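Notes for the one structure printed next.
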Amino acid sequence: MNSHRHFIIFKPWGYHSQFILAGNKKKLLLGSLHDFPEGTMSIGRLDKPSEGLLLLTTDGKMSQAVRSKKVEKEYYVQVDGEITQEALNQLQNGVEIMVDHELYLTRPGKAFKLKGTPILPKRAKPIRDDRHGPSTWISITIVEGKNRQIRKMTAAVGYPTLRLVRFRIGDITTSDMDAGEVREIDLNTHF
């Protein structure tokens, strides 16, 4: 019998993707959002200013399966400025970013402009408004997850990220979730 437990969470802005943090006790951690069982770990991470879907598990093998290059991760990204098709093409084909002090060419993925603003939970810290210039919402889908990869990719093509929300991992989405919401699910039916 499989006694492992799995959860999906909509990580709010400002939270760290950890459960225990040595030192500074004032940081917002995922463990404060729900009573998770001992041994729960996040599958991958989202940095403090990023939001959206995180999968949590007590099963290290499940973590490895989800982080594999077979599983797509889709992000909704608000970028500074009106993004061009040329920049979107660059994002799709792969761009050079710095990873561990070396240039790294990202794998090809998907990138396109979203029609309008996606319906997302309100962010704890507001993003600047249109008085500061236009912005564009795009979707980027990748199969890897280097540190701050999406932010580095959009900056590399000249459109810094203003807001970053992971919307989908495989076939699991946050389409009807609120910030901070946690649900227990069976990941074995998805991966």
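The values are calculated or read from the model by the stated rules, or taken from the named source; none is laboratory data. If you're wondering where the values come from, they're calculated on a predicted model, not measured in any experiment. Note that we place each Cβ from the backbone using ideal geometry, even for glycine, and neighbour counts take in every protein chain shown.
Do any strands (runs of 3 or more DSSP E) entirely within the range 1-92 hold 3 or more residues that are closer than 15 Å to V182 by Cα and touching a residue at least 12 places away in the same chain (Cβ under 8 Å), and if so, which?
In the range 1-92, the matching strands (runs of 3 or more DSSP E) lie at 6-11, 41-43, 51-57.
Looking at (1) at pLDDT 95 or above; (2) surrounded by 15 or more Cβ atoms within 10 Å (Cβ to Cβ); (3) out of contact with any Phe, Trp or Tyr (no Cβ under 6 Å at 6 or more places or on another chain), which one does E74 not meet, given that it meets all the others?
Here E74 clears every test but (3).
Return the total of residues in the range 145-180 being loosely packed, with under 15 Cβ neighbours inside 10 Å and either assigned to a strand (DSSP E or B) or not hydroxyl-bearing (S, T, Y) (or both).
6
Conditions first: (1) surrounded by 15 or more Cβ atoms within 10 Å (Cβ to Cβ); (2) assigned by TED's automatic domain parsing to the domain that holds L103. I119 passes all but one, so which condition is the exception?
Checking I119 against (1) surrounded by 15 or more Cβ atoms within 10 Å (Cβ to Cβ); (2) assigned by TED's automatic domain parsing to the domain that holds L103, the one that fails is (1).
Is it fair to say L105 is hydrophobic (A, V, I, L, M, F, W, C) and surrounded by fewer than 12 Cβ atoms within 10 Å (Cβ to Cβ)?
Criteria met by L105.
Would you be able to say whether some residue in the range 109-123 is farther than 26 Å from S175 by Cβ and not in a helix (DSSP H, G or I)?
no
Please count how many residues of the range 51-65 are surrounded by fewer than 23 Cβ atoms within 10 Å (Cβ to Cβ) and either closer than 30 Å to I127 by Cα or touching a strand residue (DSSP E or B) at 6+ places or on another chain (Cβ under 6 Å) (or both).
Matching residues across the range 51-65 total 2.
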